[in-house]
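The values are calculated or read from the model by the stated rules, or taken from the named source; none is laboratory data. Only a predicted model underlies this, so the values are computations on that prediction, with no experimental measurement involved. Don't worry about glycine lacking a Cβ; one is built from the backbone with ideal geometry, like all the others, and counts go over all protein chains shown.
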Amino acid sequence: MIRPAQNIQFVQPAKETRKTVVSVRSLCKDFVRPNGNVVTVLEGMNLDVYDGEFLAILGTSGSGKSTLLKCMAGLLKPTRGGVTYAQPEKPEDPLVSFVFQNFSLFPWMTVRENVEIAVRHLPKHERTARVDSILELVGLASYEDVFPRELSGGMKQRVSLSRAMVGEPMVLYLDEPFSALDPLTSESLRAEIGRLWMQPDRNIRAAVFVTHNLDEAMQLADRVVILQANPGMIYRTFEIPLPRPRNSNSPEFRKLEDDLARLFGELQLGRMLSDHEEEHHHPPISAAPQDSKEPQQKSARPVSGAPAAPQTERPRRTKPLINTSLVLVEGLLTRLAEEEIGMDLYDLADDMGQSVDLVLPAVASGELLGLLFTPGTRLVLTERGRSFAEEQDPLLRRAILRDSCLNLPLVASIYELVKGKQSEGLEKAIALEQIVMMLPFEDPDVQFEALLKWCRHVNLMSYDALTATLYAED
C-alpha cells in the first residue's frame, strides 16, 4: 500500500471561512464476492465538501472513485462510517442530483419530458418556467420535442445535465460525465458546465465529479482529491485557486497543471515501485527530509554512475497485464538505451512530446516485463532491457520480448493450456475462466484483450475470432 507523503502543504483558503455542505467520516465500503470473499473497496475516507466548491475526485482504475461518489449521493450504503449533509436553504429542494456516464434518458420521452420529470412535484407554471430556463441555458430550447434517439451523444448529456440541475439540488454529483463522448464534444461540454457554474443566480451550492482526466480536473475543479487503490484511500488533495473562465495557456494554469500531473505521476510510479520492491528486495530509496521543500523525486536522482539493475529475480506473483501496445514499450526501451544512467520520467515525457499519463502505461508494461525499473521517478533499464535495446537482430529482439512475456504467470499459464490443446486450439471461454481464477478482481475481457495483443506481437499465440479459439504459434 502506498502511504501519502507527510508535511506536504498546498495553499488553500482557511477552512473556518467555508461552510461544510457534505461531510464524509470514516467511510468504508466492502463488497462480498460470490465465493464469500470480502473485498474492501474504500477504507477510512474522511472528506468535506464546502459551500460553493466544485470538487474533483481523481484516481486510477479500481481506486473506488465511483463507489465513493455513489456512497456520498446515497445510491450505495457504506459498510462503516457515514455521510452527513447541511440543511438545504429551501426544505422543498432536493439534497442531491446525479449525472451518470451513460446519459440514462427515457427513450419514449421527449427532451422536455425527460427534464420535467425531475420537477414533477412543482406546480405547473413553476415547472414550465424552470424547464424553459434550463433548456435555454444549455442550448436545447429548440429541441424540446425531440426524442433521445434523434440526439448526438453530447446533446444527450446536456439533457442529463439539465434534468439534474433543474430541480436546483444542494449538491450536484457527476460520474465521469464526459467518458462516453468524443474529445471535441467533451471539451465543449466541459466549457458549458464551467459557464453554468459561473451563473450568479445558480442555487446549487456544491458539485462533485469523478474523473481520470487531468484536463477535466484543471478546467472545472476548485480542489482535487486524489485516490490511491487497493483499498481506495485519499492520497493527496490539491487546490486549484484559479478564477473562471480559465485560460489553459496562462503561466499560472500551466504551472498548476504540471504540479498536478507530477503528483498523479508520483502516485502511479509509487505503486509500481512498491510492487517492484516486494519482488526484488531493493534497498529502500532515501526520501527527502520531511521538512524539505524540494520534491522527493530529486533526492532519488543518482549522483554518479548508473543504479545497479536487479541481479536475481524471484518467481513473480500474478499481476494484471496492461492493455497497451508493446511497440510503445520497444520505443521507450530504445530511447532509454541512449542514456547511461537512465532518465527522469518527466524529462522523457517532454522529450517524447507526450503527457506523463500517456507515457505511464508503457513504463508500467516495461517494468512488468522486467525490462526496466523505477527508483523514484527515474527510469533505468535492467540488464535484460539493455540487451533488448542494443540488439540489432529483430528476431533476437523478438525472442527476448517473447521470453519476458513467458515469465509472466498469466501468459505462461494460458500458453501451456493452448499448447496442451495442440491443433484443436483453446476456447476463449476456458482462457477467460483461467483469467478469472488467477486475477479475480480484474475485468477478464480487458485482460484477454491485453494478453492477445502482447502474444500476437511476440508470435506466441494467434486467435480465430470466428471460432473464438486460441492457437499456439510455432
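Based on what the data block shows, is Leu75 assigned by TED's automatic domain parsing to the domain that holds Val41 and touching a strand residue (DSSP E or B) at 6+ places or on another chain (Cβ under 9 Å)? So Leu75 passes the test. Residue selection: Met155 satisfies the criterion of being assigned by TED's automatic domain parsing to the domain that holds Leu75, without any contact (Cβ under 8 Å) to a residue 40 or more places away in the chain and within 30 Å of the chain's Cα centre (by Cα).
Scanning the range 105-129 for residues being part of a helix (DSSP H, G or I) and aliphatic (A, V, I, L, M) gives a total of 6. Pick out the one residue from Val99, Val111 that is within 27 Å of the chain's Cα centre (by Cα) and either under 18 Å from Ile204 (Cβ atoms) or among the aliphatic types (A, V, I, L, M) (or both). The conditions single out Val99. Please indicate, with yes or no, whether at least one residue in the range 224-242 is modelled with pLDDT under 85, surrounded by fewer than 16 Cβ atoms within 10 Å (Cβ to Cβ) and not aromatic (Phe, Trp, Tyr). Looking for residues that are modelled with pLDDT under 85, surrounded by fewer than 16 Cβ atoms within 10 Å (Cβ to Cβ) and not aromatic (Phe, Trp, Tyr), one finds none in the range 224-242, hence no. Taking the stated definitions as given, is Val210 surrounded by 20 or more Cβ atoms within 10 Å (Cβ to Cβ) and touching a Lys or Arg at 6+ places or on another chain (Cβ under 7 Å)? Yes, satisfied.
When the range 36-72 is filtered for residues that are out of contact with any strand residue (DSSP E or B) (no Cβ under 6 Å at 6 or more places or on another chain) and among the basic types (Lys, Arg), only Lys70 remains.
Given the options Ser66, Ser61, name the one that is part of a loop (DSSP other than H, G, I, E, B), surrounded by fewer than 20 Cβ atoms within 10 Å (Cβ to Cβ) and under 15 Å from the mean Cα position of the chain (by Cα).
Numbers: Ser66 fails: part of a loop (DSSP other than H, G, I, E, B).
From the options Ser66, Ser61, the qualifying one is Ser61.
If we keep just the residues of the range 189-207 that are under 15 Å from Arg246 (Cβ atoms) and out of contact with any strand residue (DSSP E or B) (no Cβ under 7 Å at 6 or more places or on another chain), which is surrounded by the most Cβ atoms within 10 Å (Cβ to Cβ)? My answer is Ile193. Taking every residue in the range 21-45 that is outside any strand (DSSP E or B) and pairing it with any residue that is surrounded by fewer than 14 Cβ atoms within 10 Å (Cβ to Cβ) and aliphatic (A, V, I, L, M), at least 6 positions away or on another chain, the pairs with Cβ-Cβ distances below 8 Å are Arg33/Val39.
Only residues that are surrounded by 13 or more Cβ atoms within 10 Å (Cβ to Cβ) and in contact (Cβ under 8 Å) with a residue 40 or more places away in the chain were counted in the range 118-152, giving 7.
Restricted to helices (runs of 4 or more DSSP H) entirely inside the range 310-403, those with at least 2 residues that are over 28 Å from Asn213 (Cβ atoms) and at pLDDT 75 or above are 383-390.
Looking only at the range 185-237, count how many residues are assigned to a helix (DSSP H, G or I) and among the basic types (Lys, Arg). Steps first, please.
Taking the range 185-237 and keeping what is assigned to a helix (DSSP H, G or I), we get 185-197, 214-220.
Imposing the further condition that a residue be among the basic types (Lys, Arg) reduces the set to 190, 195.
Looking only at that region, the number is 2.
Name every residue in the range 210-229 that is more than 15 Å from Ser179 (Cα to Cα) and of a type in the set (Asp, Glu), in order of residue number. Across the range 210-229, the qualifying residue is only Asp222. Working only within the range 419-448, note down all residues that are surrounded by fewer than 16 Cβ atoms within 10 Å (Cβ to Cβ), under 13 Å from Tyr463 (Cα atoms) and in contact with a helix residue (DSSP H, G or I) (Cβ under 9 Å, 6 or more places away or on another chain). Across the range 419-448, the qualifying residue is only Glu427. Here the condition is being farther than 29 Å from Leu466 by Cβ and more than 26 Å from the chain's Cα centre (by Cα); of Glu427, Glu416, Glu339, it holds for Glu339 alone.
Just need a number here: residues in the range 425-451 that are touching a residue at least 12 places away in the same chain (Cβ under 8 Å) and part of a helix (DSSP H, G or I). So that I can check it myself, show each step before the final result.
Of the residues in the range 425-451, the ones touching a residue at least 12 places away in the same chain (Cβ under 8 Å) are 425-432, 434-435, 438-442, 444-451.
Those left that are additionally part of a helix (DSSP H, G or I): 428-432, 434-435, 438, 444-451.
Of the residues in the range 425-451, 16 are touching a residue at least 12 places away in the same chain (Cβ under 8 Å) and part of a helix (DSSP H, G or I).
Listed by first and then second residue, the pairs linking a residue in the range 407-424 that is under 11 Å from Leu451 (Cα atoms) to a residue that is at pLDDT below 90 and among the hydroxyl-bearing types (Ser, Thr, Tyr), with Cβ atoms under 6 Å apart and 6 or more places separating them unless they lie on different chains, are Leu410/Thr318.
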